[in-house]
Amino acid sequence: MVGAAKAAKCHIVDVVFHNFNPHGISGVVVIAESHLAIHTWPEYNFASIDIYTCGDVVNPWKAYNYLLKHFKAKGVTALELKRGMLNVSHRQRGPQALSLVNS
């Protein structure tokens with residue numbers, strides 16, 4: 001997740017992950033531009049990832065491509081949502097979210 005944030009040119013603020021017993025991980029990479037989050041269910045071969053960014057410097061699709069390469073998922077669904085201030089100039093663009101569901 002940190003590698004994905006770096007690939008997207010994010011400014012990392014903090015990293016928090018929790019390992020569940022007996023298995024699974026949830027974590028967030030807090031970035032100045034918002035966050036990248038993951039929740040895993042290894043018993044179902046499933047992970048859900050959110051890449052939430054704002055501004056015009058970070059490219060969430062670079063984070064997506066990094067994760068796609070490193071997770072080697074057999075099936076992926078990606079959904080890009082435009083959120084927030086949608087009727088403003090490109091320079092003042094609001095947040096955008098990219099959710100990945102890996103199975």
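Quick look at the values:
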| read-out | value |
| --- | --- |
| Estimated FRET transfer efficiency when R0 is 30 angstrom, pair His70-Asn21 (beta carbons, to 0.05) | 0.75 |
| Extension gain (nm, one decimal) between His11 and Asp56, 0.36 nm per residue minus Cα-Cα | 14.9 nm |
| For Val28, net neighbour charge (Lys/Arg +1, Asp/Glu -1) across residues whose Cβ lies under 11 Å away | -2 |
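The numbers here are math on the coordinates, done by the rules we state, and not lab data. Everything quoted here is computed from the prediction, not taken from an experiment. Ideal geometry is used to build each Cβ from the backbone, glycine not excepted, and the neighbour counts take in all protein chains shown.
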